[in-house]
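The values are calculated or read from the model by the stated rules, or taken from the named source; none is laboratory data. For clarity, every value in this text was computed on a predicted model and none was experimentally measured. All Cβ positions, even for glycine, are placed from backbone atoms using ideal geometry, and neighbour counts span all protein chains on display. Note: areas computed on protein heavy atoms with side chains; ligands, DNA, RNA excluded. Shrake-Rupley method; radii C 1.70, N 1.55, O 1.52, S 1.80 Å.
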Amino acid sequence: MFAALLLDWDCSSVAIKPPTLSGGLGVIRVSSPEDLYVVADALRSCTPRLPAGTLEQQPLPVTLPLQLPELLVVEPWIETDEVAVVDGQLQWAGKQRWVEVTVGLLGELGSMTALQPTLLAYSAEGSRQQFTPPPQRILPAAAVEAVQGFAVALADGLGLRSIAAVDGFVNVDTGELVVLDVQQLPDLSDGSPILQQVLANDPPMLPYQLFRHLAQQAYISQRLALEAAAAGAGMSSSAYYSAPDDKGGSGFGAEDFDLGEPAEQGLGGDLFAGVEGDVAADDGAVDDEELQGMSAGWTRE
């Protein structure tokens, strides 16, 4: 069965990881049936860590979950050529046709918009470098469009809203994406991929516009949740996630409420045009009164 899986996926190893861990934690490379037996025994016995060299191709220790997971994610192990920065120049051999990317998404439930992907590279010293947008000689425009489409379909299918990021490996020829992680609360620190991506958008979105957009989305989600609670409708209180219900609906979205005309969904400029209620339209300028509203607006009656 294991050999058939490798043949079907056209790979030499598979990656196994718990679905609840991210950032590379708990990822195990399994290259043979013997490896699979070792991993199964370690998970059943709740072994906290696999020492380096336990498996055929495992040069480093692997941290395991403290409890036996109900589910495990099994994916092909992607072989990549190193994308490196040498003397300020981006170098990539291109023999293996996969590269590592992260794709940010913004928007409403069911209508997320993908930003430009960020290509991840590593310097000779081991530090991570980020290229947004990726050079077209490595990731052509057709592959970028395919990756963005897949990321949007994934986010909308998972019921994500407001902001998210998808990490994975993309085939530069086909745009096929093998997902590593889906982040509901991606890194928004200085120099993060998301901030680079909104600045690379056309038109660009400045950081203060992004954070204002997220604050507005949180306000709207909170207001809708309070209205639903007052009406006696049970729903998720999360401002970022809505699981599909058993009738095929989103469980939380515009189809459940009379919101009037939807707001414009541009990623720059007049972000909040058309929003009713306490949130004012964004004219691009920030004055004292607006700053006070941003800090207290979601608590006003």
Log entry, pairs with first residue in the stretch 12-27 being on the phi < 0 side of the Ramachandran plot and modelled with pLDDT under 80, second being surrounded by 19 or more Cβ atoms within 10 Å (Cβ to Cβ) and β-branched (Val, Ile, Thr), beta carbons closer than 7 Å, six or more apart or on different chains, reads none
Scan of the stretch 123-175 for residues that are acidic (Asp, Glu), part of a helix (DSSP H, G or I) and either open to solvent by 60 Å² or more (accessible area, probe 1.4 Å) or in contact with a His (Cβ under 6 Å, 6 or more places away or on another chain) (or both), ordered by number:
145
Residue 113: open to solvent by 40 Å² or more (accessible area, probe 1.4 Å) and touching a helix residue (DSSP H, G or I) at 6+ places or on another chain (Cβ under 9 Å), yes or no?
yes
Taking the stretch 183-198 only, how many residues are without any contact (Cβ under 8 Å) to a residue 40 or more places away in the chain and either open to solvent by less than 40 Å² (accessible area, probe 1.4 Å) or within 15 Å of residue 148 (Cβ to Cβ) (or both)?
2
Give me the pairs, please: first residue somewhere in the stretch 200-226 and more than 17 Å from residue 115 (Cα to Cα), second residue anywhere and aromatic (Phe, Trp, Tyr), beta-carbon distance under 7 Å, and either six or more positions apart or on two chains.
216/272; 218/298; 219/298; 222/298; 224/257
Flagged in the stretch 53-110 as over 24 Å from the mean Cα position of the chain (by Cα), among the aliphatic types (A, V, I, L, M) and surrounded by fewer than 16 Cβ atoms within 10 Å (Cβ to Cβ), in numbering order, are 60, 66, 68, 86, 93
